[in-house]
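Working notes for the structure below.
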Amino acid sequence: MTRILSRSAPGQAVTALLDTGVHPLLARIYAARGIATRHELDYGLQHLLPPNQLKGVGAAAQLLADAIEANARMVIVADYDCDGATACAVGMRALRAFGADVHYIVPNRFEYGYGLTPAIVELAAALQPELIITVDNGIASVDGVAAARECGIATLITDHHLPGDELPEADVIVNPNQPGCEFPSKALAGVGVMFYTMLALRAELRSRGAFDGQAEPKLADLLDLVALGTVADVVRLDHNNRILVAQGLQRMRAGRMQPGLRALFAAAGRDAGRATTFDLGFALGPRLNAAGRLADMSLGIECLITDDASRALQITQELDALNRERRAIEADMQEGALAGLDGLSPGDCSSLVLFEPDWHQGVIGILAGRIKERFHRPTIAFARSHEGELKGSGRSIPGLHLRDALDLVTKQAPDLILKFGGHAMAAGLTIREPDLGPFRDAFERVVRQMIDPADLTRSVETDGSLEEGFYSLETARLLENQIWGQGFPAPLFDDCFRVENQRLLKDKHLKLQLRKGALRIDAIRFNHADPAGAAIHAAFRLAVNEYNGVASVQLMVEEFENT
């Protein structure tokens, strides 16, 4: 059962927004998301938080500037997801523009696992660097940093993940979530942290006269990459992140983007001139992530750093093929998981821990997310790694901080988890295969301790009903062009309708014709084959449906109950 709840929009905030010229529908939607002033909707670069509030960024700028002046070789160690790839691309493009001798490596997740491990340091050392820079990883790399130090290699950690009890003894750490950092936005993605580090480096180089008599590199030209990584990593879109995303989208819509992004839009069949956060999160991001999930993320990074348009198109064809393969693998895994959960009653458990011997390690995170959505339970899916170990990827529900839950498991059962890390809503871990049963029991106990039972009932928050005049293509386009994402959700409305007609598309999508008073409108609920009754209460999004070159408005139904 799903509860359909309406958000409240404070009247004073709605009025304040209306008085400054905000569209009436947007004023209600924004006020319900905590927006009280027009300033919070100003997405100009001048409103970006200054870099100097980010702990360690000044020291990082000095370290990098010294290395550039000494012509010291640097190696970026990237993570194997979209955030890591875009952060690496920002670093490579900016540092090369500053005249640095910079290279990169990205761990193959199946051989090396996550982060700056001693084995990765050994791999990087073959390039003979004087400085290793991590992007989107490193805050937990205590042993890796120690290994680099033993090799005489300096380390700069740029990361956004939550730190553990012990920090690595790196030369410099830049992470808004490290102890003592007063940067107001704790939601920067890894690519955002790297972008800020490059801003600080440019200021340091400027102060040293590095740009005297020549034009400074335009770091704003990298905001398309920053926007993609920020949205794809599903970090909270606070005001600062919304500025980064809005600026990136503005450049994409104007045709000012890296050749790799242009090629990704083409491969996904999306119009870059009308780029949206949906395109970044569900069209471009998955194609890049497919490289890290099934092959090697260096393919994705090459796509983002090449200036050769034909090379970018060639790479995106490979990425698109990998993404199709990923979807097929995921479908098979999901079918097997659902078969194993057949007959499960929602009241039977507070969590789900899944494992099959033949599951693909690169796809378990997506699988965990799908199962979590279906059963509304914190879910961890495991796949075999090596030497008797299982690698797990988890996804949580509102009300349970997944990394904190795993931390509590380690305190209550110290020998179960070999290593772990992550965020509130997503985490990764490694256990021994014989410990799967004990871990399942321990995780269930911890979830029951930490979660409010009410949070185990799925609920969707809506923005209430939609006035009849707003069921229009113009309104759908208006909403589509705003900045939405994690923590700043796209508008969801609810209302009661008569069902005039319904049919199944491809045996799995429910196509509906709905009526409300004099209004008739098409609707669709994807991946839902159960028929609707004669009347329904539906939670829906207003969307643009384009078919044979004709655009029309339709409702994307997320939930409904028969009335």
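Since only VAL174, TRP484, LEU344 are under comparison, the one whose Cα sits farthest along the positive direction of the charge dipole of the chain, derived from C-beta charges on Lys, Arg, Asp and Glu, is TRP484. Using DSSP to call loops (not H, G, I, E or B), can you name the GluC sites (Glu not before Pro) in segment 25-118 whose Cβ has at most 12 other Cβ atoms within 10 angstrom? Qualifying residues, ordered by number: GLU111. The residue among PRO453, GLY209, LEU390 whose Cα reaches farthest toward the positive pole of the charge dipole of the chain, with charges on the beta-carbon of Lys, Arg, Asp and Glu, is PRO453. Rolling a 1.4 Å probe across the protein heavy atoms gives segment 2-105 an accessible surface of 40 Å² per residue. Taken about its Cα centre, segment 176-234 carries a charge dipole of about 100 debye when Lys and Arg each add +1 at the Cβ and Asp and Glu each add -1 at the Cβ. Note on the chain: lysine pairs with Cα distance below 20 Å, sequence gap of 8 or more or different chains, count 6. Computed in the context of the full set of protein chains, the accessible area of segment 325-457 at 1.4 Å probe radius has 49% of its extent on carbon or sulfur. Proximity of backbone amide H atoms, modeled 1.01 Å from N, is registered between ALA535 and VAL499, THR563 at under 5 Å, excluding neighbours fewer than 5 places apart on the same chain. Think of a 1.4 Å ball rolled over the protein heavy atoms: segment 238-331 then has 37 Å² of accessible area per residue.
For the peptides 378-388, 322-332, residues were scored by their other Cβ atoms within 10 Å and the scores averaged per peptide; the highest-first order is 378-388, 322-332. Loop-located chymotrypsin sites (Phe, Trp or Tyr not before Pro) in segment 190-263 (DSSP state not H, G, I, E or B) with no more than 14 neighbouring Cβ atoms inside 10 Å: PHE211. Annotation for segment 37-102: chymotrypsin sites (Phe, Trp or Tyr not before Pro) lying in DSSP loop with at most 10 further Cβ atoms inside 10 Å of their Cβ do not exist. In the distance distribution for segment 208-304, Cα-Cα pairs more than 18 Å apart total 47 percent. Restricted to Cα atoms, the chain shows a radius of gyration and a Dmax of 24.1, 75 angstrom.
About the Cα centre of the chain, what is the dipole size in debye to 20, counting +1 per Lys and Arg Cβ and -1 per Asp and Glu Cβ, all else neutral? So the magnitude is around 1460 debye. Note on segment 267-286 and segment 390-465: Cα centroid distance 31 Å, given to the nearest whole angstrom. A straight chain from SER472 to ASN527 at 0.36 nm per residue would run longer than the Cα-Cα distance by 17.3 nm. Only the Cβ atoms of Lys and Arg (+1) and of Asp and Glu (-1) were treated as charged; on that basis the dipole of segment 230-312 about its Cα centre amounts to roughly 300 debye. Take the Kirkwood radius over Cα pairs of segment 442-563, plug it into Stokes-Einstein at 10 °C and 1.306 mPa s, and you get 99 µm²/s for translational diffusion.
When both segment 183-230 and segment 137-163 are represented by their alpha-carbon centers, they are found 21 Å apart.
Please name which of VAL409, GLN53, ALA543 has its Cα lying farthest along the dipole of the chain towards the positive end, using unit charges on Cβ (Lys, Arg +1; Asp, Glu -1) and the Cα centre as origin. The residue sitting farthest along the positive end of the dipole is ALA543. Summary of packing: across the peptides 46-55, 132-141, the per-residue average of other C-beta atoms within 10 Å ranks them, highest first, as 132-141, 46-55. PRE reach from ALA309 (point 7 Å along Cα→Cβ): which of segment 263-293 fall under 16 Å by backbone N? The answer is 263-267, 272-273.
Ordering 27-37, 391-401 by mean Cβ neighbour count within 10 Å, with the highest value first, yields 391-401, 27-37. Tell me whether segment 78-173 comes out rounded, prolate or oblate; compute the Cα gyration tensor, take square roots of the eigenvalues as a ≥ b ≥ c, and use a/c under 1.5 as the rounded threshold. Rounded, because the longest to shortest axis ratio a/c is under 1.5.
The values are calculated or read from the model by the stated rules, or taken from the named source; none is laboratory data. Since we're looking at a predicted model, the values are computed, not measured. Counting neighbours? That spans all protein chains shown, and the Cβs are built from the backbone with ideal geometry, glycine included. Quick note on the areas: whole protein, heavy atoms, side chains included, nothing else; ligands and nucleic acids left out. Shrake-Rupley method; radii C 1.70, N 1.55, O 1.52, S 1.80 Å.
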